[in-house]
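Only one structure is covered here, and it is reproduced in the block below.
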Amino acid sequence: MTRRNSLMALVASGMAAIPAFSASSAIHLHVDLFVDPNREQEMVDNFHKIFKPTISRQPGFVEVRLVKLREVKFGQPPAPPKYRLLISFQTEELREKWVASADHQRAWPAIEKTLTGQKFTAVLFDVQ
């Protein structure tokens, strides 16, 4: 077997080991964050340094993003939250395992300690 054939076989065998996943079966959790205005930069830093690296290692994790409201183009602006966490997992059951994990118990407080008042709202969506 040539080196090229060996590499191709290695790549093919690795692809077979990846479980089938359809992005259309994912769930999205949108979490509006009521961030203390004096702690915005701390929250953003904690997201990038603590929360994102931790959640990214979880089984079933698809994606996480932190977005900041720039402007309202049409309609009424949302209440005070100008930050939203967009969290996506392959299934709701895998997301719930992440929430119950010791990793979540270490990572979430880094975000939560920068929140105020109501702290957050969370809305769950199925991808269609």
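Per-structure values
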{"quantity": "Cα gyration tensor, the range 24-79 - rounded (a/c under 1.5), prolate or oblate", "calculated": "oblate"}
{"quantity": "Calculated FRET value between GLN118 and ASN38, using beta carbons and R₀ = 22 Å, to 0.05", "calculated": "0.80"}
{"quantity": "Under 17 Å from the Cα of LYS73 - lysines, other chains or at least 8 residues apart", "calculated": "LYS82"}
{"quantity": "Shape metrics for the range 25-126, restricted to C-alpha atoms - Rg then Dmax, Å", "calculated": "13.6, 41"}
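Only the coordinates and a few stated rules stand behind these numbers; no lab work does. This one's a predicted model, so the numbers in the text were calculated from it and none came from an experiment. Cβ: placed from backbone, ideal geometry, glycine included. Neighbour counts: every protein chain shown.
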